Amino acid sequence: MYRSHNCGALRIDHVGQEVTLSGWVQIGRDLGGMTFVDLRDRYGITQLAFNMDDNADLCEQARKLGREFVIKVTGIVNERQSKNANRPTGDIEIKVSHLEVLNASKTPPFTIENETDGGDDIRMKYRYLDIRRNPVKENLIFRSNLAIETRKYLAGEGFIEVETPNLIKSTPEGARDFVVPSRMNANQFYALPQSPQTFKQLLMVAGMDKYFQIVKCFRDEDLRADRQPEFTQIDCEMAFVTREDVLNTFEGLTKHLFSTVKNITLDDFPKMSYDEAMRRFGSDKPDLRFDMEFIYLNEQLKGKDFVVFDGAENIIGIVVKGIADEYSNKDLKKLTEWVQRPQIGAKGLVYVKHHADDTIKSTIGKFFSEEELRSVLSHCGAEKGDTLFVLCGETEKTRKQLNELRLEMGRRLGLMKEGDFKPLWVIDFPLLEWDEESERFHAMHHPFTSPKAEDEERMLNGDHETMKSLRADAYDLVINGSEIGGGSIRIHDRELQSKNLDLLGFSKEEAEAQFGFLLGAFEYGAPPHGGIAFGFDRLCAVLNGQSSIRDFIAFPKNNQGRDIMIDAPSPIDDEQLTELRLDLVKQEE
RNA sequence: AGUAUCGUGACUCAACUGGUAGAGUGUCCGACUGUCUCUCGGAAAGUUGCGGGUUCGAAUCCCGUCGGUACUGCCA
């Protein structure tokens, strides 16, 4: 027997019992006459006590233990003479009578402690040691709880979990596919799924009614802190539903998860159209933890012979509370440079400071009288101490830039408070997106998304401009400015689906070759259906107020998509290549 | 692919912006009978990622390269 209890289990009531514990040596404290060893496992830390007077040999053995040795001990639970209130097991210790080293350990490259993590590269290389650390360990436990509660809730709602294949067919739409050569079918390839999209729709045609799956998805695109090449979705599809049914189900799921895993009760989620989100916040995933809403200032600021404003399509501002006296000219210059960085690309930054002493200072003082500036400030609801920031230019770009500034100011002023959760449904996304480069439409969500019922007629007959204005029955859940997931009501009519593929630039033959199986299925009684998918990794991170999903994944990949620990991807044998009938092209430059 | 930033003992960082590479943690040795980040004494440990260049002199400046991270492009 390796253990009768774990290292987090023993309390004062166990005093007198003989127990056996196994675990890792966290640290030893050698006091000469006696030695204490902290024994750690997933559940906690228990102190082991060795005394020279009781058993000198054993005490000598304990002194020789190094960090991260795996040991097994047997002994009597004793009440401590000096207790440690900081640990759940702090009232007791084990008076060890038997010690066995199950496995020695080299000194780890970084110490297994909450704070003293090494750099990212060394943590990833020794991920199995990193996971021994409390923060990472707890993240993985949190993830597990979230998955278990998701299954509980959806099962309770009558959903069934169906697995879909990982070796599927490559499609040109959307992200790049990871591709797997087929040995048995020479010169042909599977693709790993970017999502189980078509399969879950086929399950609806198959009458499975309410499907879900916690499933790995794969996209061969560049990585970010919140993006991995393989990631996990809570994927779901329902038949005979409207948008409201889908939203209600997943609002219910989200509330359930917050309440069971975080003990937080969420109010009903507000809804906002895509257009409104873009207009008020310049983003399709606005962070509603703070306001700083956009204020449109064409009327107030145009026609005063300031060419920059007069030539702009739109002039938009935000009011930042209470920084007028805090931000020096130098600070504002730095902020201006910040918005001028190529990543944001604003031409300049106009500000109007309303100081606490009621004076006004502005970059556009030359072009506007003080009275005019005061009137603008009051139009914007700015008070003493506030600063109005203004960007101008082409509407879409300006909104995007001002969104970045808004988020930056929110960060600087500490308005993104930990423990504050502001969910939002963004609805009525555009159906199609015009891509200048390829001169064709892309599906904004995906090619199976249904237009809103009232737009269906226009979709069938409209011209190019009409197509740009079509709205889809598509929706995203946004929490604290992070896109948690999205979905749509799907097309279930063969003709409408064909039309949509046609708009997306597929010829009849291409459409048949790529999606024939789905179009065919639609001819055998496809029910109206819709669904949604949540990014599971991102949900874990957002619930914990973190922006990186890596520490919620046991073995994540780095920026280059590499697994540092196992060193993948890697070359393969010539034999394997031959078997797969693959030739490698020499890399040039 | 681009931009920014970082790379210094095992780990985390410092080194006055060009003038003898240091500290904490860890490791090793020794002392210590109630510690719990034990304490105290001592020791070992560095080709400053790599390759060039400028200079009397480079961790520091320049060029290149490799690697980490963040962002942009990209990601229905």
Inset, instruction - Please enumerate the residues belonging to the range A:161-173 that are over 25 Å from the mean Cα position of the chain (by Cα) and in a strand (DSSP E or B). - result: A:Ile168
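This table checks each residue for (1) among the β-branched types (Val, Ile, Thr); (2) within 21 Å of A:Gly23 (Cα to Cα).
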{"residue": "A:Met124", "(1), (2)": "no, no"}
{"residue": "A:Val136", "(1), (2)": "yes, yes"}
{"residue": "A:Glu149", "(1), (2)": "no, no"}
{"residue": "A:Ala155", "(1), (2)": "no, no"}
{"residue": "A:Phe189", "(1), (2)": "no, no"}
{"residue": "A:Phe199", "(1), (2)": "no, no"}
{"residue": "A:Val205", "(1), (2)": "yes, no"}
{"residue": "A:Met208", "(1), (2)": "no, no"}
Legend entry - Every residue from the range A:556-572 that is open to solvent by 100 Å² or more (accessible area, probe 1.4 Å) and away from RNA strand B (no atom under 12 Å from the Cβ): A:Ile566, A:Pro571
Inset, instruction - Only residues in the range A:243-261 that are over 21 Å from A:Asp420 (Cβ atoms) count as the first member; pair them with residues that are in a helix (DSSP H, G or I), Cβ under 7 angstrom, at least 6 apart or cross-chain, and list the lot. - result: none
Legend entry - Test for A:Asp220: is it within 16 Å of RNA strand B (Cβ to nearest atom) and open to solvent by 50 Å² or more (accessible area, probe 1.4 Å): yes
Inset, instruction - Give the range A:3-22 a look and list any residue that's away from RNA strand B (no atom under 15 Å from the Cβ) and either assigned to a strand (DSSP E or B) or closer than 17 Å to A:Leu65 by Cβ (or both), or say none. - result: A:Glu18, A:Val19, A:Thr20, A:Leu21, A:Ser22
Inset, instruction - Of all residues in the range A:427-471, count the ones that are assigned to a strand (DSSP E or B) and either more than 10 Å from RNA strand B (Cβ to nearest atom) or surrounded by 15 or more Cβ atoms within 10 Å (Cβ to Cβ) (or both). - result: 11
Legend entry - Candidates A:Leu129, A:Leu140, A:Leu154, filtered to the one that is part of a helix (DSSP H, G or I) and in contact with a Cys (Cβ under 9 Å, 6 or more places away or on another chain): A:Leu154
Inset, instruction - Could you please let me know if A:Arg224 is without any contact (Cβ under 8 Å) to a residue 24 or more places away in the chain, out of contact with any Gly (no Cβ under 6 Å at 6 or more places or on another chain) and among the basic types (Lys, Arg)? - result: yes
Legend entry - Every pair of residues 6+ apart whose Cβ atoms lie under 7 Å, when the first sits in the range A:167-179 and is within 11 Å of A:His446 (Cβ to Cβ) and in contact (Cβ under 8 Å) with a residue 12 or more places away in the chain while the second is open to solvent by 80 Å² or more (accessible area, probe 1.4 Å) and assigned to a loop (DSSP other than H, G, I, E, B): A:Ala175/A:Arg219
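The values are calculated or read from the model by the stated rules, or taken from the named source; none is laboratory data. Not measured: the values here are computed from a predicted model. Glycine also receives a Cβ, built like all others from the backbone with ideal geometry; neighbour counts cover every protein chain displayed. In case anyone asks, the SASA skips ligands and DNA or RNA and just uses the protein heavy atoms, side chains included. Shrake-Rupley method; radii C 1.70, N 1.55, O 1.52, S 1.80 Å.
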